1. Could you identify the single residue in B:Tyr274, B:Tyr206 that is in the same structural domain as B:Gly326 (by TED's automatic domain parsing), aromatic (Phe, Trp, Tyr) and in contact with a Gly (Cβ under 8 Å, 6 or more places away or on another chain)?
2. When the residues of the range A:90-119 are filtered to those that are buried (at least 19 other Cβ atoms within 10 Å of the Cβ) and more than 9 Å from chain B (Cβ to nearest Cβ), which remaining residue is nearest to A:Ala157 (Cα to Cα)?
3. Quick check on the range B:195-244: of everything there that is more than 16 Å from B:Arg85 (Cα to Cα) and free of Cβ contacts under 8 Å to residues at least 24 places away in the same chain, which residue is surrounded by the most Cβ atoms within 10 Å (Cβ to Cβ)?
4. Do we have B:Ala178 as assigned by TED's automatic domain parsing to the domain that holds B:Phe102, touching a helix residue (DSSP H, G or I) at 6+ places or on another chain (Cβ under 6 Å) and in contact (Cβ under 8 Å) with a residue 24 or more places away in the chain here?
5. What residue, of A:Arg139, A:Arg123, is more than 13 Å from every other protein chain (Cβ to nearest Cβ), farther than 30 Å from A:Met207 by Cα and part of a helix (DSSP H, G or I)?
6. Quick check on my filter: what residues within the range B:1-29 are surrounded by 20 or more Cβ atoms within 10 Å (Cβ to Cβ) and away from chain A (no Cβ under 14 Å)?
7. Hey, could you check the range A:38-89 for residues that are of a type in the set (Lys, Arg) and within 18 Å of A:Ile199 (Cβ to Cβ) and say which is nearest to the other protein chains (Cβ to nearest Cβ)?
8. For the range A:90-106, name all the residues that are in a helix (DSSP H, G or I) and either closer than 17 Å to A:Ile4 by Cβ or in contact (Cβ under 8 Å) with a residue 24 or more places away in the chain (or both).
Amino acid sequence: MSSIVCKDLCKTFQQGEEIITGLDHVSIEIEAGDFVCLSGPSGSGKTTLLNAMGGLDTPDSGQIQVGDTRVDQLGKGPLADMRLHKIGFVFQAYNLIPVLTARENVEFVMQVRGEPAQERSHRSHDILKEVGLEGMEDRRPAQLSGGQQQRVAVARAIVSQPALVLADEPTANLDSVTATQLMDLFVELNQHHNITFVIATHDTRVMAYAKRLIKMRDGKIISDEKQQHPSTVVS
Amino acid sequence: MTITLRMAWRNLWRHKRRTWLTVGAMIFSNLILVFSISLQLGSYQMMIDNSLKSYTGHMQIQREGYNEEPKMRSSIDAIISLAGRVRDQLGNESVAARGVAFAMTSSEERSYGLQIIGVEPEYEPKVSTLPGLITRGGYFTGLNTEEIIIGAVLARNLRVGIGDELTLLGSGHDGSFAAGIAIVTGIFESGIAEIDRSMAQLPIGYFQDLFGMEGRGHNIVINAADLSEVESAKQSVSSVLKDRDELVVLDWELLQPGLKQAIQADFTSAWFMYGVLIVLVAFSVLNTQLMSVLERTREFGVMMALGVKPARLGSLVITETAVMSGLGLAIGALLGIVMTWYLSIVGFSYPGMEDMAERFNLPDRMYPSLSILSIMLGPSVVFVFSLLASIYPAIRLFFLQPVTAMRAV
């Protein structure tokens, strides 16, 4: 079953008097449980495609389906609901809420979903342990390293057990050791929780982890390959 | 504590100095409002009391219709004994009978038309400040003595002094000719030229003889212990009048409607000044919250990307304002209470007030009146306006696009 289906997506931006093509008739299908990397140089359209899949940005034309939901037909409120319940986001700059501790950052999404306090506390504890942040629950983002902050962001993204995680340059601000640890974590979550990962990156180390590698340039998909031996497979 | 409240509290202290500046403005305005409104309400009470105690009294017994159309014949029979019964009923000596007439008053050189008030010398000083304002001579020596007290302006106009004779000519109760002579025993200075020029008092016994009243008078003036007891005293007095259907008890609002209107007008104009203060505070809150929202555009974009709806983000901004305003309200009101409570005990005066008070037979200090109303009214309005001021920054969040917002620096 397909987790994401994009058909003929087009998106342009105006920059001054210049029209820039973000997506140029992009069509793609991603299976549930897949681990996909979107790669390409800056301006190739990978972040635009990721934003369109996550309902953060609307395409000028084309269709996007996430699970059973036609994302391109949703209004602001239902889009927010879909992001809240079905999608987890990991950003390049971590984007944690600075006034909340690691545990509160993770619980925040669950509270917005209306989950009871006991459940929130229990799950946030478990998930922070799973991403290797046991004992750091009460630290605020400023008291954590970049890698630790990104782990909190990952915990926040997966705590509500989304079907899909969209990650935009998740390793861009991390050193190679931390980046490797993060990618191992992604693979583990993909394998153990069957979460679909779509990662936009131009980091070749990250691409090595992908089961499927999609290359983009100038808003178009220029290659789409399945990789037989991704770097890390967790047993 | 919910996560929204926790976030609101912590967000406030991200910029301590800015938050304290805004809270400081609220504290200052709340303190000023608590004190000013308490002082205002206290001064109104003093104004009403002083105004009523100077002559009108808290209430009066009159014949029905007399207040609207005062006529010589609209009188009360056996007024002195009725006043005595009212005193007994209330257990209060501040009850005095009066008669009212008009007469041409002449000295050897000049004549003027005057309002003549017949008073009970023993009880009149307890319902009116006028006897205390006699600056020359003294008050009456008996109920039936042929004595008169007049105002300083009239004394000057008539060119008379203490011990001089005045001739009174007027109409009696039955329409007959009334004439008599009275010796000037006292000259008062009320500070109000109209009263000092056109009013005189006689002992009520002589007044009744002079105007053929046959034991009658026109009103019984009653002062309650204070304004708050007027209503209960009125009911008690009404029970004395059960067998006197022709008589009514009128309280000060009916006797002096202008007084209440003047207070309302003063209160309204004071609120204009308070309004300026409140609007300034509201703009300070608007500025703080608008800056706070603009600075956190990226953060709000991230939260929207996570699936948080603008209404929830708006409620966060309003909660932050409510917490900030609550802090300003609590500290401001507390300081206002302490300051006002202290001044309500030791009193408050301004330069020149003592001289004026002595001249008009008024208290020489003002005492703010602390009440739930005076404590809560101003700060509550500041609180509500602060919340209203945060609506605009909150509404701006509804127009944010997650992707654009997350690009904000």
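1. B:Tyr274
2. A:Val90
3. B:Glu229
4. yes
5. A:Arg123
6. B:Thr22, B:Val23, B:Ala25, B:Met26, B:Ile27, B:Ser29
7. By that ranking, first place goes to A:Arg83.
8. Residues satisfying the conditions are A:Ala102, A:Arg103, A:Asn105, A:Val106.
The values are calculated or read from the model by the stated rules, or taken from the named source; none is laboratory data. Small disclaimer: the values here were computed from a predicted structure and weren't measured. Reconstructed Cβ throughout: ideal geometry from the backbone, glycine too, with neighbour counts over all protein chains shown.
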